[in-house]
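Structure first, commentary second.
Values quoted throughout were computed directly from the atomic coordinates according to the rules given, and no laboratory measurement underlies them. The model shown is predicted, which means the values in this text are computed figures rather than measured ones.
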Amino acid sequence: MAEDLKVLSDLKGKFAHYEEYQRCLSDLSRTILEINRINKESAGQDEIGKTYHKQVDKPTENLTETLAYVTKRLGAVTDAGKETTDTMAKSDEEAGSHVDGF
């Protein structure tokens, strides 16, 4: 079975951009939260403002929640990728040290 396990030489590279994606999504989340804050403060509470909020508040809330979920899941993938890369690299090192001993 050990001969079936292979560490891709660029395994770390496969996960390299995930941190940047996560940073971009976090930046986007902060921007959306600021837009939401401005919308809530500026639309007013008159009839037009209430109509506006009926149309806009729920979709922007859903967008915020969805983006937070995607950011969290992407973070989990990033962490798992790092752990996998580290585990495989350590396994390769240990296997190499055992082979060198023979």
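Mean separation of Cα pairs under 8 Å and 6 or more residues apart, divided by the residue count, gives the range 13-102 a relative contact order of 44 percent. Karplus-derived 3J(HN,Hα) values for the range 71-81, using 6.51 cos²θ - 1.76 cosθ + 1.60 with θ = phi - 60°, are 4, 5, 5, 5, x, 5, 5, 4, 4, 5, x Hz; glycine and proline are entered as x. 3J(HN,Hα) along the range 40-48: 5, 7, 9, 6, x, 10, 6, 4, 5 Hz, from the Karplus curve 6.51 cos²θ - 1.76 cosθ + 1.60 with θ = phi - 60°, whole Hz, x for Gly and Pro.
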